[in-house]
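The values are calculated or read from the model by the stated rules, or taken from the named source; none is laboratory data. Since this is a predicted model, take the numbers as computed values, not measurements. Backbone-built Cβ (ideal geometry, glycine too); neighbour counts: all protein chains shown. Just the protein is used for accessible areas: all its heavy atoms, side chains included, with ligands, DNA and RNA removed. Shrake-Rupley method; radii C 1.70, N 1.55, O 1.52, S 1.80 Å.
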Amino acid sequence: RATMKSLRFISAEAFVSNAEFARKSLGSVAHNLFPLLFKASYLLEQGEVIHDLVENWPLVDFNMGKLLGTTVDYKEDLSHRTCSVCLESCLTGLRDYVLNHPSPYMKRLKVVNLTGIKDVEVQFCECKKTMGRWARTQLLSKLCVELLGYLQQTQCNPRTSEINIDVLIDLFVTERNYELVVQALLKKFYCPLKICCVAFRTDNLALQKFFYIIKLTDPSLLRKLEIVHNVRLEMEHLEILFNSIHFPLLMSLTLPARTFNVRRFTATDERMLTNIGVKMGEMTQLTELSMSFSILTGRIQKLLSPLKTPLKMLDVSNCSLNHADMAYLANSFHATHLEALDLSGHNIPDLYPSAFFKLLSHCSSVLRSLTLEDCNIQDTHINMLILGLSPCQKLQEFKFLGNPLSSRALKHLFTFLCELPMLKNVEFPVPRDCYPTDITYPIDDASLCRFDHQKYEGIAEELNLILLQANREDVKASTPLFGSYDAAVQETNNELGAYLIKSFKETLEKFTA
């Protein structure tokens, strides 16, 4: 469905569509039209015009999220278009803003905000070539290092050194771009473009390097910290991190798998866990916490009770929670504030059904996203689940892959899901009747694809028909067998794959020896 454009926006498109004319005419364009021309150029992927607009940017701030988001002249949000041509033109234009502007006295730009860019699975740009978060980190770091080198080697206008532009960005660091990002952060003081890290994600990085680079990012500004794949952070390292670095603005924390393992706890470990809880309690802005694939049996209260701000997002998937943990969550002050909850990997119907439904009841008025993958939800539990979900009128996303449900139960559930007014995304399991009768749950990766694909397609069609007949074409229903799309993993999967092969090889060599 085409989005309406104002006459101003149509005129802007016409102006930038002739790149040569537009570039020659920028000097006579009113300053307040630059944002309009930028969005029009981005929509048409006019890289050269984008470069020149940024190079001659006349305003105090340049906020990508606002510039590409919903505007009066064109409602469509373009911030999810991570078009490589457009983003590279933006960043090189920013470099040339520092180098090539005729009069430094005219320079007003103080803040560039790149944090509003959203990485999504399907790209609508013509070039179909994306620049993800890792590549943006790489390019900005490279440009900062090169810019500083150029300024040191050449005789530039003395006033150029007075230019100071804060560039807000979500950094993504792996082994492969680590050295370059470190160089850029170390030279930040001398460079006119100052990298200001708002969110930091690291994958596939040695622990020593992580501790070094996190200090360079200026943790006092950090809003989001994600330590994800192949970073061997364990509880003792987390305690050292929290004891040595303060994160006063941190709102979101993601810890890697196996950070905690209470099965081998000593008295020292218990004290360590208590201290980590206290340190998290000092992070007064913290509202999002992900601790998946840790073993936290019986310790959720110890970790979460010191928090002074209620959590809005909690991911404790595959954390071996017991009844005491679920009872704490259901009765805690976090329960009524939870907008996103992931309890995957827990046998909810057998272990703590009443505590779970109590938790669901408490968060129902605000809950937007619920993930219950591999929770042993069977046909006999569907009516109870529908009863529990009925008050969740703000639910936008429901994921329940890996549960042993029949096609009949799924049809019953989908009929109910049509009644949730805000629902937009459903991830449902391959029906149990599509698998061989001897299949056991949870299904291992080797057996995951061993189902009757033709039968599945027929059932999926029927489920979509239920949505269609209820006028719910706005709901996307799918079965991503190997999990939801992760832009960061997708971008760096070659590096992660190489690391896994290397680790496997080293393990085999040790075993052989």
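Rundown of residues vs (1) within 28 Å of GLU397 (Cβ to Cβ); (2) free of Cβ contacts under 8 Å to residues at least 40 places away in the same chain, yes/no style:
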| position | (1), (2) |
| --- | --- |
| LEU238 | no, yes |
| SER252 | yes, no |
| PHE265 | no, yes |
| LEU273 | no, yes |
| MET283 | yes, yes |
| GLN301 | yes, yes |
| HIS323 | yes, yes |
| THR336 | yes, yes |
| HIS346 | yes, yes |
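Looking at THR297, is it under 16 Å from LEU307 (Cβ atoms), open to solvent by 10 Å² or more (accessible area, probe 1.4 Å), modelled with pLDDT of 95 or more and not hydrophobic (A, V, I, L, M, F, W, C)?
So THR297 fails the test.
Regarding LEU250, is this residue under 28 Å from SER320 (Cα atoms), open to solvent by less than 40 Å² (accessible area, probe 1.4 Å) and not in a loop (DSSP other than H, G, I, E, B)?
No.
Check whether at least one residue in region 219-239 is under 23 Å from ALA487 (Cα atoms) and hydroxyl-bearing (Ser, Thr, Tyr), and report yes or no.
no
State all residues of region 56-68 that are surrounded by fewer than 17 Cβ atoms within 10 Å (Cβ to Cβ) and under 28 Å from the mean Cα position of the chain (by Cα); if no residue qualifies, say none.
ASP61, GLY65, LYS66
With the checklist (1) closer than 17 Å to LEU401 by Cβ; (2) in the same structural domain as ILE377 (by the TED database) in hand, flag the one item ASP452 doesn't pass.
Of (1) closer than 17 Å to LEU401 by Cβ; (2) in the same structural domain as ILE377 (by the TED database), only one is false for ASP452: (1).
Would you point out which residue out of ALA206, ALA199 is open to solvent by 20 Å² or more (accessible area, probe 1.4 Å) and at negative phi?
Result of the check over ALA206, ALA199: ALA206.
For the condition part of a strand (DSSP E or B) and crowded, with 20+ Cβ neighbours inside 10 Å, what is the one hit in LEU238, LEU225?
Among LEU238, LEU225, only LEU225 is part of a strand (DSSP E or B) and crowded, with 20+ Cβ neighbours inside 10 Å.
Being surrounded by 17 or more Cβ atoms within 10 Å (Cβ to Cβ) and either assigned to a loop (DSSP other than H, G, I, E, B) or modelled with pLDDT of 95 or more (or both) is the filter here, so list the residues in region 97-107 that pass it.
The answer is HIS101, LYS107.
Restricting attention to region 4-51, report how many residues are surrounded by fewer than 11 Cβ atoms within 10 Å (Cβ to Cβ), of a type in the set (Ser, Thr, Tyr) and not in a helix (DSSP H, G or I).
Here the count works out to 0.
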